[in-house]
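I have placed the structure first, in the form of structure tokens, so that the comments after it can refer back to it.
The values are calculated or read from the model by the stated rules, or taken from the named source; none is laboratory data. Treat the numbers as computed from the prediction; the structure is a model and nothing was measured. Backbone-built Cβ (ideal geometry, glycine too); neighbour counts: all protein chains shown. SASA here: full protein model, heavy atoms, side chains in, ligands and nucleic acids out. Shrake-Rupley method; radii C 1.70, N 1.55, O 1.52, S 1.80 Å.
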Amino acid sequence: MLEVHAVTQQGKDSGSLGIWSDEHISPLQKVVQAIHDQGSKAGLQLWHVGRS
């Protein structure tokens, strides 16, 4: 499980990664591919802090 990925830049805290931009896709694809190569499935925890 890939934890705490902010869905907007405004909803990010200091320790979370992001998934609000197309720029985030390529790095995450590499991680997911490595997980799949080991025969496992990947999941992602969506996150938003506050009321942005």
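Tabulated data
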| item | result |
| --- | --- |
| Evaluated at q = 0.13, 0.15 Å⁻¹: base-10 log I(q)/I(0), Debye formula over Cα of the chain | -0.33, -0.43 |
| Å² per residue, accessible surface of the chain at 1.4 Å | 78 |
| In degrees, nearest ten, helix 25-37 long axis to first principal axis of the chain (Cα) | 40 |
| Those residues of the stretch 1-34 whose amide nitrogen sits under 12 Å from the label point placed on His48, 7 Å along Cα→Cβ | 6-12 |
| Dipole moment magnitude, nearest 20 debye, the chain about Cα centre, only Lys, Arg, Asp, Glu C-beta charged | 120 |
| Neighbourhood charge, 14 Å Cβ-Cβ cut-off, centred on Leu46 and excluding it, Lys, Arg +1 and Asp, Glu -1 | -1 |
